[in-house]
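What follows is a set of notes on a single structure, which appears directly below.
Nothing in this text is a laboratory measurement; each read-out follows from the coordinates by a stated rule. All values derive from a computational prediction rather than experimental measurement. Note: ideal-geometry Cβ built from the backbone for every residue, glycine included; neighbour counts use all protein chains shown.
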Amino acid sequence: MLRYAIGRLVTLAVSLLVASLVIFGVLQIVPGDPASYMLGMNAAEDTVAALREELGLTGSAPARYLDWVAGMLRGDFGISYTYRTPVSELVAERLWVSLPLTIYALILSTTIALFAGVLAASRQGSAADLGVMGVTQLGISVPNFWFAMLLVLVFAVSLRWFSAGGFAGWEAGPFAALKSLTLPAIALALPQASILARIVRSSLLDSLQEDFMRTARAKGLSRRQALWRHALPNAMIPVLTIVGLQFSFLIAGAVIIENVFFLPGLGRLIFQAITQRDLIVVESVVMLLVFAVIVVTFLVDLAYAWVDPRLRRRT
Amino acid sequence: MSEADLPRAPSRFVALLGTRSFVVGVLLSAVFLVGGLISLVWTPYDVTVLAIADRLRPPSPSHWFGTDQFGRDVLSMVMVGARTSIAVGLIAVGIGVALGVPLGLAAAALRGGFLDDVIMRTNDLIFAFPSLVIAILITAVFGPGAVNAIIAIGIFNIPVFARLARGAALSLWTRDFLLAARVAGKGPARISVEHILPNIANLLIVQATIQFSLGILAEAALSYVGLGAQPPVPSWGRMLAESQTLIGLAPHVALFPGFAIVLTVLGLNLTGDGLRDALDPKLRRGRT
Amino acid sequence: MKTLALSIAAAALAGGLLAPAIADAADVTIGMQLEPPMLDPTAGAAAAIDEVVYANVFEGLVRFAEDGSIRPALAESWDISDDGLTYTFTLHDGVTFHDGTALTAEDVKFSLDRIGADDSKNAQKALYAAIESVDAVDERTVRLTLSQPTGALLFNLAWGDAIIVAPESVATNATKPVGTGPFRFSRWTKADSIELVKNPDYWGEPAKLDAVTFKFISDPTAAFSAVMAEDVDAFPVFPAPEILDQFRADARFEVVVGSTEGETILSINNQRPALSDIRVRKAIAHAIDRQAIIDGAMFGYGTPIGTHFAPHHPAYIDLTGQSAHDPDLARKLLAEAGHAEGLTLSLKLPPPSYARRGGEIIAAQLREVGINTEIANLEWAQWLEQVFRGKDFDLTIVSHTEPLDIGIYARDDYYFQYRSDAFKDLNAKLNAATEPAARQDVLRAMQQQIADDYVNGYLFQLARTSVRNKRLKGLWQNLPTQANDMTAVHWE
């Protein structure tokens, strides 16, 4: 196990190294200069040069790469070119929007998916099952930003129950803040709920056919009791894996939804930073996201290997 | 299952037609495919001619889907836009299959080896990157446009097909009929192409259908943030983006391109389900 | 307690009204589309910086009034020597910065010297290049010595880029601006809002509001619902003209259309082989139907222009007739220039909707006369790099929002690369002239010169479309500079 863990740890380090090189490399060839973006059309050449100097854009690429990596190892992610504040502060601020939004969407999608999935599986072939399968099929096919626009049209423009965008801020009270996250969370949750509901249904159906179910039924449990007590806990393993995957996907994948609703989240920060060529923000935030995914994958691998020694040899 | 066990072609076809979802799916996606094809030779109105005076007209007999902010016919725009979406989705799948499948087969053939490890770790690494952010970066480097959107989407299709091909091929390498081929002196490359590829084709086709529909969604998302096909070439995603401020004034401009995306993607998903059910009865319980 | 009671009584007397009117009379929320990246106008070009801090937090020696004229600000008076080379400013007495330090002539010297320094980050450094030296004669007197007469010096000093800062606070102005204005910076909730509060120690006439919140809402649909819900009291530059009619229908709101300094033009790369031919440029000018662009891209808001000059300026001459919409003439000119077979040009468009929408319309109009365009939608960073610096374009659309910026045509290396000695002579004359009448004559000749040379396609003057609560008074109607001057704003 230890050897396996060390092996995986080496892979993890190499992955992070490669990722940092790729991110830094890509950003070196992105056309557009942050200094001239900030100074606009009338700026003189020497002014732009002076600003480039101040932003630390003048060194050689390898030197800047080493600076960046060394800074990150110390927990220093640099200072945003445009905002002139530390990147870590910006990220922390934005996480206060992105994290609650993600959790909100995840709670919504998991609740809906469990309910719909169990309903469909417990009455396989019924009208309810067909309905769930149809709606989820549709849910997978809808672009979430378009669904978001429809939500705005109905609930913000026509009914005026919600504001069409913006974030009230946590200072405005948890209710107001959650209210401004509601439409975005629904828009984010719909496709996820659809995928998850189908997984819940099929993994439930799988476990319903297992031997222990037959035993349970033989012991006199009704189909429904057996489903709740035995099949569901068993079916939760693949479901939880997917939920875990969706979490990291949602944090970064909310870029478009955050744009539709003008939410000051992490995704929007990256998007704006790219258009403003605030490259230090882009490289640090992307690196953080990649780091998070790689580390989570590593931990999941370790957990599986611990549970199931066969997996220590890659198949 | 050995090669001899595979169902014969006619029965496969019959099975397909027996699947409701396949028929509905093919019909749905065909509507837009045909619409796109027709638009090559004819559209109700010329999408490059603007008629500012007729802008934002609601649907009427002369303009079934109404007109957009420049007075262009939305139906014609949706027809031409179908071409962009389908082309981008299809070519992106092509990239994924063309590069991902050989990589996956190679990894399986060299299972456990160094190259296998490198290929699979690279795959994991690509999966670790936030795909939309990278797509935005790619278009920031190379400029917006349909070709760069295809590349951005295609890159993320490679690991999908590589992983699928490797997984499926690995289970085949242990089978008797491959052992026979190896005994007959065939090299791993030849075995991969002659014996493994035909046997995993079903899986690949199903996955290709799914990736195709995901590609259309991704193209719409990229176009929505302004990074897909450039005007005056109509694109469903850009039509949605441009109609967003008009949604209270003229909802039809935002509704029709959205319906087009939903129905096409739905059609492809149903087709994929139908294919899977027909080609692989073990999975008949529905797609996840 | 006593002071509170007194102030309530005073307010009741002054207003003569009941409590509710007073209750919300204290603060106002202003909607803006873009958030400023930081708040130091001397270190960045983003318009949103000035829109928050100009005249509110920071002040210069002089300032723009609503009609675009120059008014005293920190300088109560000034003297110009007869040769136009020495400007002597007398500062107001008793001016303090928000941190309590007093404004002295040394602060002015510090601020202006900083613009011209070698490591200056000032986006408009070139405007002040003629300032040779700045001397603090005494506590309240500053003398500027110029290397050459600069007729527009006062005008340039009114820009937000020439505001006066204190050496003690200059390093943190980007995030915690400290100025001399009637409002002081209070709070910045990133990506959401910036709050200013009244400066009780202001040297001039105090602000009528207790607090101003600038709220950033980039999405026009969200902006619409924020106004409708009265979450914002005014949106001085409303991002989507197509929505304005819905506000007009509502009795709570007032839609005000004013002018800006934004000449929106189809810029032509004059050094490209095909485009260096005046006949081709003239053909492009005649192919354009300005009204269709104003209607289609701006939903009717905007004034057609025939040269690079703001129609509300007294020296403006209407030259639109010189490039009237005439596709036949355009085709004829193209044939003469040898492009009867057609011509393909690149059209690179920055993000604003005037460019994106206008670009599609212009592309269709040019197609009518046989010019094909390849549209590329660019972000600002790409546009600056490719078009503005790299000059890698044939056509582009951009609004030149700097006030009175016709002088850019005298710069050979400016992105549209117009090179005319005749125009440069005129520009030199303009700089030498300090008399208003003489300046206006030269300005007219300059307008005529560039219209005759068909340098660019002149489209329209960007309108300032704003929506505000009917009871909110004192907001600017026009936009002589990018600013939201809140000093006179009050509730009725």
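For chain C, what's the relative contact order in percent, using C-alpha pairs closer than 8 Å and at least 6 residues apart?
21 percent
Which of these, B:Val74, B:Val34, B:Val141, has the largest mean-square fluctuation under a Gaussian network model of chain B (Cα springs below 10 Å)?
For chain B, modelled as a Gaussian network with Cα springs under 10 Å, the answer is B:Val141.
For helix A:127-141, report the angle its Cα long axis makes with the longest principal axis of the Cα atoms of chain A; keep it between 0 and 90° and round to the nearest 10°.
10 degrees
Working from Cα positions, state the angle (0 to 90°, nearest 10) between the long axis of helix B:251-279 and the longest principal axis of chain B.
Long axis of B:251-279 versus the principal axis of chain B: about 20 degrees.
With a cut-off of 12 Å, note down the residues of region B:235-265 whose backbone N falls inside the zone around a label point 7 Å from the Cα of A:Leu138 toward its beta carbon.
Those under the cut-off are B:263.
If R0 is 45 Å, what FRET efficiency do you get for A:Leu240 and B:Thr48 from their C-beta distance, rounded to 0.05?
Calculated transfer efficiency: 0.30.
Output the relative contact order of region C:36-172, whole-number percent, from Cα pairs under 8 angstrom with separation of 6+ residues.
Relative contact order comes out at 30 percent.
What distance in nm separates the two pseudo spin-label positions at B:Ala180 and B:Val31, each 7 Å out from Cα along the beta-carbon direction?
Reported label-point gap for B:Ala180 and B:Val31 is 4.8 nm.
Starting with the fewest neighbours, write out C:Thr86, A:Thr102 ranked by other beta-carbon atoms found within 10 Å of each beta-carbon.
Ordered from fewest to most neighbouring Cβ atoms within 10 Å, C:Thr86, A:Thr102 come out as C:Thr86, A:Thr102.
Please work out the FRET efficiency for the pair A:Asp211 and B:Ala189, using the Cβ-Cβ distance as r and a Förster radius of 45 Å; give the result to the nearest 0.05.
0.60
Provide a whole-number value for the mean count of partner chain Cβ atoms within 10 Å of the Cβ atoms in peptide C:59-72.
Partner-chain Cβ atoms within 10 Å, mean over residues of C:59-72: 0.
Translational D (Stokes-Einstein, µm²/s) of region C:48-197 at 25 °C and 0.890 mPa s when Rh comes from the Kirkwood sum over C-alpha pairs?
Reported coefficient: 156 µm²/s.
Please compute, for peptide B:222-232, the average count of beta-carbon atoms on other protein chains lying within 10 Å of each residue's beta-carbon.
4
Among A:Glu45, A:Glu54, which comes first, second and so on when ranked by fewest other beta-carbon atoms within 10 Å?
By the 10 Å Cβ count, ascending: A:Glu45, A:Glu54.
Enumerate the amide H contacts of A:Ile79 below 5 Å, restricted to partners 5 or more residues apart or on another chain; note that Pro and chain-start residues carry no placed amide H.
A:Val87
Kindly write out, for region C:176-182 in residue order, the coupling ³J(HN,Hα) from the Karplus curve 6.51 cos²θ - 1.76 cosθ + 1.60 (θ = phi - 60°), rounded to whole Hz, with x marking Gly and Pro.
Whole-Hz 3J(HN,Hα) from phi for region C:176-182: 9, x, 10, x, 10, x, x.
Roughly speaking, what % of Cα-Cα pairs in chain C are separated by over 38 Å, rounded to a whole number?
Of the Cα pairs, 31 percent sit more than 38 Å apart.
So what are the ³J(HN,Hα) numbers for region B:132-148, from phi and the Karplus equation (6.51, -1.76, 1.60; θ = phi - 60°), rounded to whole Hz, Gly and Pro as x?
5, 4, 5, 4, 5, 5, 4, 6, 5, 6, 9, x, x, x, 4, 4, 5
Would you kindly derive the ³J(HN,Hα) couplings of region C:167-173 from the backbone phi angles with the Karplus curve 6.51 cos²θ - 1.76 cosθ + 1.60 (θ = phi - 60°), listing them in order in whole Hz, with x for Gly and Pro?
Rounded to whole hertz, the list is x, 5, 10, 4, 5, 10, 4.
Is there a pair in C:Lys121/C:Lys429; C:Lys282/C:Lys424; C:Lys176/C:Lys391; C:Lys125/C:Lys473; C:Lys215/C:Lys470 whose C-alpha atoms are over 27 Å apart, and which pairs would that be?
C:Lys121/C:Lys429; C:Lys176/C:Lys391; C:Lys125/C:Lys473
Given a cut-off of 35 Å, what percent of all Cα-Cα pairs of chain A lie beyond it?
38 percent
From the helices alone, meaning DSSP H stretches of at least four residues, give me the mean residue ellipticity at 222 nm for chain B, per-run term -39500 (n - 2.57), in deg cm²/dmol to the nearest 500.
-23500 deg cm²/dmol
Per residue of A:270-277, what is the mean number of Cβ atoms on other protein chains within 10 angstrom of that residue's Cβ?
5
Angle, helix B:9-18 long axis vs. longest principal axis of chain B, Cα atoms, 0 to 90°, nearest 10?
The angle comes out near 40 degrees.
How much length is gained on full extension from A:Ile6 to A:Ile103, taking 0.36 nm per residue of separation minus their Cα-Cα distance?
Fully extending the segment from A:Ile6 to A:Ile103 adds 31.7 nm.
Compute and list, largest first, the equivalent-ellipsoid semi-axes of the protein assembly as shown from the alpha carbon gyration tensor, each √(5λ) rounded to a whole angstrom.
Ellipsoid half-lengths, sorted descending, are 57, 34, 30 Å.
Each label point is 7 Å from the Cα along the Cα-to-Cβ direction; what then is the distance between the points at C:Glu132 and B:Phe259, in nm?
Each label point lies 7 Å from its Cα, and together they span 7.5 nm.
Once the Cβ-Cβ distance between C:Asp118 and C:Arg471 is put in as r, and R0 is 60 Å, what FRET efficiency do you end up with, to the nearest 0.05?
FRET efficiency, C:Asp118 to C:Arg471: 0.75.
Based on the alpha carbons, how large is the Rg to Rh ratio for region A:3-106 when Rh follows Kirkwood?
1.07
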